[in-house]
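*Asks:* Handing you this structure, nothing more for now.
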Amino acid sequence: MADADEGVKPANGKPETKLLDELEKGPWPSFVTEIKSAQGVTGGAEDLLGQLELSYEDKVSHWKHGGLVGVLGYGGGVIGRYSDVGEQFPKVAHFHTLRVNQPAGWFYTSEALRTISDIWERHGSGLTNMHGSTGDMILLGTTTDHLEATFQELTHAGFDLGGSGSAVRTPSCCVGMARCEWACFDAMKLCYDLTMAYQDELHRPALPYKFKIKCSACPNDCVAAIARADLSVIGTWKDDIRIDQAEVANYATAGVDIQKDICANCPTRCMDWNGKELNIKNRDCVRCMHCINAMPKALRPGVEKGAVILIGAKAPILQGALLSSVLIPFVAADELLDTLKELIQRIWDFWDEYGTNRERIGELIQRVGLAAFLDGIGLDPAPEMVSAPRDNPYIYYQPAKEDEA
Amino acid sequence: MTTTPLQPRLTDVGPPRYDKYLPPIVLKNYGTWKYHETLAPGVLCHVAESGDRLYTVRGGTPRLLSIQTLRKYADLADKYCGGYLRFTSRNNVEFLLTDPAQIEPLKQELALLGIPVGGTNNAISNIVHTQGWVHCHAAATDASGLVKSMMDALIDHFTHEDLPAKLRIAVACCLNMCGAVHCSDIAILGVHRRPPKVQNDLLTKACEVPTLVASCPTGAIRPVPGVGGKQSVEVLEEDCMYCGNCFSVCPAMRMADAENDGLSIWVGGKVSNARSAPRFSRLSIPFLPNNPPRWPEVIEAVTKIVDVYRGEARKYERVGEWIDRIGWPRFFELTGFEFTRYHIDDFKNAGMTFARSTHIRY
Amino acid sequence: MPTFEVEGKKYDVDEDGFLQEPDLWTEDVAKDFAKSESIDALTDGHWKVINYIRNYYLQFGIAPMVRKVCKETGYKLSEIYQLFPSGPAKGACKLAGLPKPTGCV
Ligand code: SF4
Ligand code: SF4
Ligand code: SF4
Ligand code: SF4
């Protein structure tokens, strides 16, 4: 830490950042240090720091309402940003962001990271987010004249832009089979295949509003698919949990209180431990993962694997937040891609027909009712779709259809 | 610096193939992992059916990273991991090793670089967050500074697995909530508390009035005749709940207000299906002031929640599950937070949250 | 305020080049703005899209949804992008003199 005098001295024209300098102290790695370390790149970082310091003083954002810039042939992938204090900080007067579609599971080689870094040193501020909330790699801050060149260097290096606006947003997935023993389907491959299938819909917005797809390969849902994705694919299995009784006994010996910690926490109380053997009434198991998480050496998901398809999650805007709800209780792992492609098309056709501008699919389902939505996309109702049947008698019987039958 | 684009022009190439950057040990054992164990906080060992072992060392990052730091990560990956690394959904960086003897040297080097190792199992993982004042026009607060201040205070729970269960914290700087903020054990949410100030001159130039009227969840925006026969709008202030969605569709509805913007704190949400179902976070503190650079009021409140939870919850209980057991009155009592009229929902379906039983703990 | 100049004519525009006074639109605006959107010359196809968007805007006060543009003009989305390389929002709406469509959120 520099002493106070040095800390506030504007060295070679760099802005004073008394408030932000505070955030270089403390044990957690500092984003301010990151911004400072990029100061040599184009000067953008320097002015970003200056503008941010101003926000810390003023307690308001100094970015103007979103801009609209992009690369030819795409309707998204770039977020336009202009400063409202551009005269004071000219190098961030235009400070657009590129969303770059991340590799599945966020795996990189050192070479890939360096390639991206070099491109971003030539064309941008040298600042990134690893990663944005949707999953994209975010290249933070450049000017309009660099967009096309950045884009072409990215595509030549095997990368492409992600989604923005009323489009398919960049699908994302958990690490799945690459490193997780609980994966019930190949999340990285499925995510990649879907991304490739929807390049057009991702790059050229044409939906009523955004459409997010997320794949978690087991009910632990590491990418929060149920909370964030319009279409959530969450792995599960149909057959019995695989038990290694010897390993269960080892956990007991090592001090795990199997009855209290494992059995008593089972949501359906379907487990029983007699001191020697763990019994699971698999018919009652809801595949919650608790026991498996707690004893990974002893318990594993079954072998008849697949996923639950859920629909409709979103943040509060506009009509309140929603979690996704069950649409198809089980699809076998090897049928997922085909089933999803077909299902998504039907969902989009319905949304296209009945959705209003900026209405998420979850809100549309709320508005027209799940039953009408199921009719519309040609799915039969199933008890897994509700937490309980209705408790009110205001039923829209369908006289015409009843008569027909 | 050149801005001449490369030729031929390539588009729609998509992301790198999903297996392009996988280390050889992952390619070999893809889909055949058997179990994993935790060797130390932030250090995992995944064992494959083949007997192969993959070691993961997880480090915290500030998410906002310079290319200089990315190159440092790349150097570390070259030195210790044959050039392979990954990032997690919570902005951690993971180094993937095959030689356990390299774990300690790597950890030492990470320590020198100021990169904390941890975030696994019943620890606090890195805080997911949004852009804030760093890059978003809608932000009611900064996200990066809040996160940095919180993690400085909570870092021991990142580097030690010393909580009853995992604890997930998230920050969103406005109600758009980019990220799964609303289903976190603890969520910090930037809020406005004053209605938008309509800038008429800008409105007629830059906004579609019907879109603007439709953007309001409570119907608080009404079209009215404006200057020069053009349409403008007025806001029925008593119907406004300051969500800011009108500003999302129209720059003329300015929400930012230095003195009245601030933070709210929500608790008890989760996304995992383990034990109890996924659920939303619930309001814990309706408003705390924006107090950069360190937001002491927020840090105090969050630390309080973590401490009380750590002292009171049973093993495996997430924050929401713990509160299920002890009840909300006790949560407010233990934390000392005030229960106010703001805690009672009054939007659609609010009645679902009224207590309709005599199940009361005394 | 930024201006956009072409052949001696000046237009008040925002940072992204959208016309500031949608009422001041004339067919000349579309012609004058075309170059900046990588369009060499406006063909009947361009006018079909521009006029549809313009009329929809005058009637309803909003830009039509992209799918509607496709349906009503008979162009596939890919064809719209061939006509307007920067896309229906940034390209076609700008030439039709609409306010800037709202961004990412
Ligand atoms: S969601 Fe399940 S399968 Fe995927 S990484 Fe998390 S625990 Fe593993
Ligand atoms: S997975 Fe969950 S529901 Fe099934 S046996 Fe284990 S704890 Fe019980
Ligand atoms: S949460 Fe709101 S303020 Fe924060 S980045 Fe998202 S839209 Fe912007
Ligand atoms: S802030 Fe929200 S509630 Fe208030 S006028 Fe705007 S859209 Fe309506």
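*Asks:* Need pairs with beta-carbon distance below 6 Å; first residue free of Cβ contacts under 8 Å to residues at least 12 places away in the same chain and within segment B:238-264, second of a type in the set (Asp, Glu) and within 16 Å of ligand 1 (Cβ to nearest atom); sequence gap 6+ or separate chains.
*Replies:* If the second residue must be of a type in the set (Asp, Glu) and within 16 Å of ligand 1 (Cβ to nearest atom), no pairs are left.
*Asks:* Looking only at segment A:361-393, count every residue that is without any contact (Cβ under 8 Å) to a residue 12 or more places away in the chain and farther than 27 Å from A:ILE317 by Cα and tell me the total.
*Replies:* 7
*Asks:* Please work out which residue is farthest from B:ASN126 (Cα to Cα), limiting yourself to segment A:140-181 and to residues that are within 16 Å of ligand 3 (Cβ to nearest atom) and out of contact with any Ser or Thr (no Cβ under 6 Å at 6 or more places or on another chain). Write out each step before concluding.
*Replies:* Initial filter on segment A:140-181 (within 16 Å of ligand 3 (Cβ to nearest atom)): A:140-141, A:162-166, A:169-170.
With out of contact with any Ser or Thr (no Cβ under 6 Å at 6 or more places or on another chain) added as a condition, the list becomes A:164-166.
Numbers: A:SER164: 25, A:GLY165: 28, A:SER166: 30 Å.
Step by step, filter segment A:140-181, then rank; the result is A:SER166.
*Asks:* Further question on the same structure: How about segment B:252-269: which of its residues are within 20 Å of the chain's Cα centre (by Cα), at the interface with chain A (Cβ under 9 Å from one of its Cβ atoms) and more than 14 Å from ligand 3 (Cβ to nearest atom)?
*Replies:* Passing the criteria: only B:GLY269.
*Asks:* Would you confirm whether or not segment B:97-118 contains a residue that is under 16 Å from the mean Cα position of the chain (by Cα), more than 9 Å from chain A (Cβ to nearest Cβ), more than 16 Å from ligand 2 (Cβ to nearest atom) and within 24 Å of A:ARG114 (Cα to Cα)?
*Replies:* Of segment B:97-118, the ones under 16 Å from the mean Cα position of the chain (by Cα) are none.
For segment B:97-118, residues under 16 Å from the mean Cα position of the chain (by Cα), more than 9 Å from chain A (Cβ to nearest Cβ), more than 16 Å from ligand 2 (Cβ to nearest atom) and within 24 Å of A:ARG114 (Cα to Cα): absent.
*Asks:* Among the residues of segment A:208-225, which ones are surrounded by fewer than 24 Cβ atoms within 10 Å (Cβ to Cβ) and either hydrophobic (A, V, I, L, M, F, W, C) or without any contact (Cβ under 8 Å) to a residue 12 or more places away in the chain (or both)?
*Replies:* A:CYS222
*Asks:* Something else now. What number of residues within segment B:36-53 satisfy the criterion of being out of contact with any Cys (no Cβ under 7 Å at 6 or more places or on another chain) and either under 23 Å from A:SER37 (Cβ atoms) or among the hydrophobic types (A, V, I, L, M, F, W, C) (or both)?
*Replies:* Initial filter on segment B:36-53 (out of contact with any Cys (no Cβ under 7 Å at 6 or more places or on another chain)): B:38, B:40-52.
Subsequent filtering for residues that are either under 23 Å from A:SER37 (Cβ atoms) or among the hydrophobic types (A, V, I, L, M, F, W, C) (or both) retains B:40, B:43-45, B:47-48.
Within segment B:36-53, residues that are out of contact with any Cys (no Cβ under 7 Å at 6 or more places or on another chain) and either under 23 Å from A:SER37 (Cβ atoms) or among the hydrophobic types (A, V, I, L, M, F, W, C) (or both) number 6.
*Asks:* Please tell me if B:THR159 is in contact (Cβ under 8 Å) with a residue 12 or more places away in the chain and either within 11 Å of chain A (Cβ to nearest Cβ) or of a type in the set (Phe, Trp, Tyr) (or both).
*Replies:* Numbers: in contact (Cβ under 8 Å) with a residue 12 or more places away in the chain: yes; either within 11 Å of chain A (Cβ to nearest Cβ) or of a type in the set (Phe, Trp, Tyr) (or both): yes.
Yes: the conditions hold for B:THR159.
*Asks:* May I pose another question? Within segment C:82-94, can one find any residue that is closer than 24 Å to A:GLY86 by Cβ, touching a Cys at 6+ places or on another chain (Cβ under 9 Å) and not in a helix (DSSP H, G or I)? Talk me through it step by step, then tell me what you get.
*Replies:* Quick first cut of segment C:82-94, residues closer than 24 Å to A:GLY86 by Cβ only: C:86, C:89-90, C:94.
From the residues that got through so far, the ones that are touching a Cys at 6+ places or on another chain (Cβ under 9 Å) too are none.
No, there is no match, as no residue in segment C:82-94 is closer than 24 Å to A:GLY86 by Cβ, touching a Cys at 6+ places or on another chain (Cβ under 9 Å) and not in a helix (DSSP H, G or I).
*Asks:* Across segment A:18-49, what is the number of residues that are touching a helix residue (DSSP H, G or I) at 6+ places or on another chain (Cβ under 8 Å), not hydroxyl-bearing (Ser, Thr, Tyr) and not in a loop (DSSP other than H, G, I, E, B)?
*Replies:* Number satisfying all stated conditions: 15.
*Asks:* Determine, yes or no, whether B:ILE305 is surrounded by fewer than 20 Cβ atoms within 10 Å (Cβ to Cβ), of a type in the set (A, V, I, L, M, F, W, C), out of contact with any Phe, Trp or Tyr (no Cβ under 8 Å at 6 or more places or on another chain) and closer than 15 Å to B:TRP266 by Cα. Walk me through it before giving the result.
*Replies:* Values: surrounded by fewer than 20 Cβ atoms within 10 Å (Cβ to Cβ): no; of a type in the set (A, V, I, L, M, F, W, C): yes; out of contact with any Phe, Trp or Tyr (no Cβ under 8 Å at 6 or more places or on another chain): yes; closer than 15 Å to B:TRP266 by Cα: yes.
Against the criterion (surrounded by fewer than 20 Cβ atoms within 10 Å (Cβ to Cβ), of a type in the set (A, V, I, L, M, F, W, C), out of contact with any Phe, Trp or Tyr (no Cβ under 8 Å at 6 or more places or on another chain) and closer than 15 Å to B:TRP266 by Cα), B:ILE305 does not qualify.
*Asks:* So which residues in segment B:273-301 are more than 25 Å from B:GLU317 (Cβ to Cβ), over 18 Å from the mean Cα position of the chain (by Cα), not in a strand (DSSP E or B) and not polar (S, T, N, Q), if there are any at all?
*Replies:* B:PRO292, B:PRO293, B:PRO296, B:GLU297
*Asks:* Continuing with the same structure: Kindly check whether there is at least one residue in segment B:182-194 that is closer than 30 Å to B:LEU39 by Cα, facing chain A (nearest Cβ under 10 Å) and away from ligand 4 (no atom under 16 Å from the Cβ).
*Replies:* As a first pass, look at segment B:182-194 and keep what is closer than 30 Å to B:LEU39 by Cα: B:183-187.
With the extra rule that they be facing chain A (nearest Cβ under 10 Å), the set shrinks to B:183-184.
Then drop every residue that is not away from ligand 4 (no atom under 16 Å from the Cβ), which leaves B:183-184.
So far as segment B:182-194 goes, yes, one or more of its residues are closer than 30 Å to B:LEU39 by Cα, facing chain A (nearest Cβ under 10 Å) and away from ligand 4 (no atom under 16 Å from the Cβ).
*Asks:* So for segment A:236-245 (the condition being crowded, with 21+ Cβ neighbours inside 10 Å and of a type outside the set (Ser, Thr, Tyr)), does at least one residue qualify? Show your work before the answer.
*Replies:* Taking segment A:236-245 first, the residues crowded, with 21+ Cβ neighbours inside 10 Å are A:236-237.
Subsequent filtering for residues that are of a type outside the set (Ser, Thr, Tyr) retains A:237.
Yes: one or more hits.
*Asks:* Another one. Looking at the structure I just gave you, is A:CYS218 touching a strand residue (DSSP E or B) at 6+ places or on another chain (Cβ under 9 Å), closer than 19 Å to B:ALA48 by Cβ, in a loop (DSSP other than H, G, I, E, B) and within 15 Å of ligand 1 (Cβ to nearest atom)? Break it down into steps so the answer makes sense when it comes.
*Replies:* On the way: touching a strand residue (DSSP E or B) at 6+ places or on another chain (Cβ under 9 Å): yes; closer than 19 Å to B:ALA48 by Cβ: yes; in a loop (DSSP other than H, G, I, E, B): yes; within 15 Å of ligand 1 (Cβ to nearest atom): yes.
In short, yes.
*Asks:* I'm trying to understand the selection: among the residues of segment A:43-61, which are within 8 Å of another protein chain (Cβ to nearest Cβ) and surrounded by 23 or more Cβ atoms within 10 Å (Cβ to Cβ)?
*Replies:* Once the filter is applied, which keeps residues that are within 8 Å of another protein chain (Cβ to nearest Cβ) and surrounded by 23 or more Cβ atoms within 10 Å (Cβ to Cβ), segment A:43-61 yields A:ALA45, A:LEU48, A:LEU52, A:SER55, A:SER61.
*Asks:* Within segment C:44-68, take every residue that is under 21 Å from A:ASP352 (Cα atoms) and of a type in the set (Lys, Arg) and give me the one that is surrounded by the most Cβ atoms within 10 Å (Cβ to Cβ).
*Replies:* Filtering segment C:44-68 for residues under 21 Å from A:ASP352 (Cα atoms) gives C:49, C:52-53, C:56-57, C:60-68.
Keeping just the survivors that are of a type in the set (Lys, Arg) gives C:67-68.
Values: C:ARG67: 18, C:LYS68: 16.
Only one residue tops the list, namely C:ARG67.
*Asks:* Tell me the residue from A:ASN357, A:ASN282, A:ASN250, A:ASN265 that is of a type outside the set (D, E, K, R) and at pLDDT below 95, please. Before you say what the answer is, go through the steps one by one.
*Replies:* Numbers: A:ASN282 fails: at pLDDT below 95; A:ASN250 fails: at pLDDT below 95; A:ASN265 fails: at pLDDT below 95.
Going through A:ASN357, A:ASN282, A:ASN250, A:ASN265 in turn, just one is of a type outside the set (D, E, K, R) and at pLDDT below 95: A:ASN357.
*Asks:* Does segment A:153-171 contain any residue that is more than 29 Å from A:TRP348 (Cα to Cα), surrounded by fewer than 24 Cβ atoms within 10 Å (Cβ to Cβ), modelled with pLDDT of 95 or more and touching a Leu at 6+ places or on another chain (Cβ under 9 Å)?
*Replies:* Checked segment A:153-171: at least one residue is more than 29 Å from A:TRP348 (Cα to Cα), surrounded by fewer than 24 Cβ atoms within 10 Å (Cβ to Cβ), modelled with pLDDT of 95 or more and touching a Leu at 6+ places or on another chain (Cβ under 9 Å).
*Asks:* Collect the residues in segment A:90-111 that are buried (at least 22 other Cβ atoms within 10 Å of the Cβ) and more than 16 Å from ligand 1 (Cβ to nearest atom), keeping them in residue-number order. Full working, then the answer.
*Replies:* To start, the set of residues in segment A:90-111 that are buried (at least 22 other Cβ atoms within 10 Å of the Cβ) comprises A:92, A:95-110.
A:VAL92, A:PHE95, A:HIS96, A:THR97, A:LEU98, A:ARG99, A:VAL100, A:ASN101, A:TYR108, A:THR109, A:SER110 - these are the residues of segment A:90-111 that are buried (at least 22 other Cβ atoms within 10 Å of the Cβ) and more than 16 Å from ligand 1 (Cβ to nearest atom).
*Asks:* Also: Can you find even one residue in segment A:230-240 that is more than 30 Å from A:ARG358 (Cβ to Cβ) and among the aliphatic types (A, V, I, L, M)?
*Replies:* No: segment A:230-240 contains no residue that is more than 30 Å from A:ARG358 (Cβ to Cβ) and among the aliphatic types (A, V, I, L, M).
*Asks:* Considering only residues of segment A:191-207 that are touching a residue at least 40 places away in the same chain (Cβ under 8 Å) and at the interface with chain B (Cβ under 9 Å from one of its Cβ atoms), which is surrounded by the most Cβ atoms within 10 Å (Cβ to Cβ)?
*Replies:* A:LEU202
*Asks:* Quick test of your reading of the structure: B:ALA165 fulfils all but one of (1) in contact (Cβ under 8 Å) with a residue 60 or more places away in the chain; (2) of a type in the set (A, V, I, L, M); (3) more than 9 Å from every other protein chain (Cβ to nearest Cβ); (4) away from ligand 1 (no atom under 16 Å from the Cβ). Name the failing condition by number.
*Replies:* Tallying (1) in contact (Cβ under 8 Å) with a residue 60 or more places away in the chain; (2) of a type in the set (A, V, I, L, M); (3) more than 9 Å from every other protein chain (Cβ to nearest Cβ); (4) away from ligand 1 (no atom under 16 Å from the Cβ), B:ALA165 fails exactly one: (4).
*Asks:* Just give me the residues in segment B:12-28 being more than 32 Å from the chain's Cα centre (by Cα) and either free of Cβ contacts under 8 Å to residues at least 40 places away in the same chain or facing chain A (nearest Cβ under 7 Å) (or both), in sequence order.
*Replies:* Selection gives B:LYS28 alone.
*Asks:* Would it be correct to say that B:HIS157 is within 16 Å of ligand 3 (Cβ to nearest atom), in a helix (DSSP H, G or I) and surrounded by 20 or more Cβ atoms within 10 Å (Cβ to Cβ)?
*Replies:* On the way: within 16 Å of ligand 3 (Cβ to nearest atom): no; in a helix (DSSP H, G or I): yes; surrounded by 20 or more Cβ atoms within 10 Å (Cβ to Cβ): yes.
Criteria not met by B:HIS157.
*Asks:* Separate question: Run down B:VAL249, B:VAL213 and say which single residue is more than 9 Å from every other protein chain (Cβ to nearest Cβ) and of a type outside the set (S, T, N, Q). Show your work before the answer.
*Replies:* Working: B:VAL249 fails: more than 9 Å from every other protein chain (Cβ to nearest Cβ).
Selected residue: B:VAL213, the only one of B:VAL249, B:VAL213 that is more than 9 Å from every other protein chain (Cβ to nearest Cβ) and of a type outside the set (S, T, N, Q).
*Asks:* Only one of (1) more than 7 Å from chain A (Cβ to nearest Cβ); (2) of a type in the set (A, V, I, L, M, F, W, C); (3) assigned to a strand (DSSP E or B) fails for B:LEU65. Which number is that?
*Replies:* (1)
The values are calculated or read from the model by the stated rules, or taken from the named source; none is laboratory data. This is a predicted model, so every value here is computed, not measured. Virtual Cβ from ideal backbone geometry, glycine too; neighbours counted across all protein chains shown.
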